[in-house]
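All remarks here apply to the structure that follows.
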Protein chains: 2
Amino acid sequence: MANDHEHNHEHKQRKNVINRLSIIEGHIKGVKQMAIEGRDCPEILLQIAAIRKALDNTAKLILTDHMENCLVNAVHEGNEDKVLSDIKKALDNFIR
Amino acid sequence: MANDHEHNHEHKQRKNVINRLSIIEGHIKGVKQMAIEGRDCPEILLQIAAIRKALDNTAKLILTDHMENCLVNAVHEGNEDKVLSDIKKALDNFIR
């Protein structure tokens with residue numbers, strides 16, 4: 001994963017995304033602590049499900065931000081094919 | 001979430017679960033760093049999908065461990081109703 005993959009356009013939700021990932025990181029740390037303390041399995045499973053939901057919402061935010069900025073720019077410049085194919089590949093991992 | 005929810009039976013996969021959660025924590029940290037560096041959205045989305053898969057596999061491990069130990073014990077003691085209903089509630093969050 002090289003640096004030439006860096007973006008050259010703006011992402012309005014970047015700070016929001018970083019903030020959500022920080023919260024998820026803290027949440028994982030909390031669940032790990034629950035496992036260390038030997039807490040009830042169903043309780044731990046509920047927290048893991050909540051983290052999964054938060055991850056999905058973060059992915060949705062990244063995707064819509066990407067479409068609203070990167071894809072719209074690409075269409076204006078007439079080179080949307082690569083951007084569209086990348087988005088489709090990413091979607092395949094979330095919607096099966 | 002009180003201490004009286006602590007388990008009083010063995011979980012064979014406890015260390016494995018804690019280890020997986022540690023790896024997921026590191027993975028999230030890495031993805032946050034990618035977002036900070038402004039890496040490609042589809043690349044970030046791929047990593048988030050991988051984390052979701054790792055979370056699901058950890059949940060599956062907790063659930064099978066719970067069934068093989070907690071549920072089997074409960075059946076031997078004739079009080080499986082509460083354990084079964086907790087497992088069903090937890091499953092509802094993963095399978096819709």
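The values are calculated or read from the model by the stated rules, or taken from the named source; none is laboratory data. These figures come from a predicted structure and were not determined experimentally. All Cβ positions, even for glycine, are placed from backbone atoms using ideal geometry, and neighbour counts span all protein chains on display. The area values use the complete protein model at the heavy-atom level, side chains included, leaving out ligands, DNA and RNA. Shrake-Rupley method; radii C 1.70, N 1.55, O 1.52, S 1.80 Å.
Shape class of the protein assembly as shown from the Cα gyration tensor (axes a ≥ b ≥ c, square roots of the eigenvalues): prolate, since a/c reaches 1.5 or more and a/b is larger than b/c.
Dipole magnitude for the protein assembly as shown: computed about the Cα centre from +1 point charges on Lys and Arg Cβ and -1 point charges on Asp and Glu Cβ, it is near 60 debye.
So for chain A, taking the charge dipole from beta-carbon charges (+1 Lys/Arg, -1 Asp/Glu), which of A:G78, A:I48, A:M67 sits furthest toward the positive end? Farthest along the dipole direction, towards plus: A:I48.
Hey, got the average number of other protein chain Cβ atoms within 10 angstrom for residues in B:17-25? Provide the component values of the computation, followed by the final result.
Values: counts 7, 6, 2, 2, 12, 4, 0, 7, 8.
What the average comes to for B:17-25 is 5.
Taking all Cα pairs closer than 8 Å and separated by 6 or more residues, the relative contact order of chain A comes to 34 percent. Normalised size of the stretch B:14-94, defined as Cα radius of gyration per 2.2 N^0.38 Å with N residues, equals 1.47.
Measuring against 21 Å, Cα to Cα, the residue pairs A:K82/B:K29; A:K88/B:K53; A:K12/A:K32; A:K32/A:K60 contain A:K82/B:K29; A:K12/A:K32; A:K32/A:K60 as the ones spanning a longer distance.
How much of the accessible area of chain B, probe 1.4 Å, is carbon plus sulfur, in whole percent? Mind dumping the intermediate values first?
Numbers: 2880 of 5560 Å².
Here it works out to 52 percent.
Heavy atoms of chains B and A lose about 4500 Å² of accessible surface on contact, summed over both sides with a 1.4 Å probe.
Angle, helix A:14-36 long axis vs. longest principal axis of chain A, Cα atoms, 0 to 90°, nearest 10? Helix A:14-36 and the main axis of chain A meet at about 20 degrees.
The angle between the Cα long axis of helix A:80-92 and the main principal axis of chain A comes to about 20°, on a 0 to 90 degree scale.
Using unit Cβ charges (K, R positive; D, E negative) and no other charged atoms, how large, in debye to the nearest 20, is the dipole of chain A about its Cα centre? Write out the running numbers ahead of the final one.
On the way: 14 positive and 15 negative charges, 83 e Å.
For this selection, approximately 400 debye.
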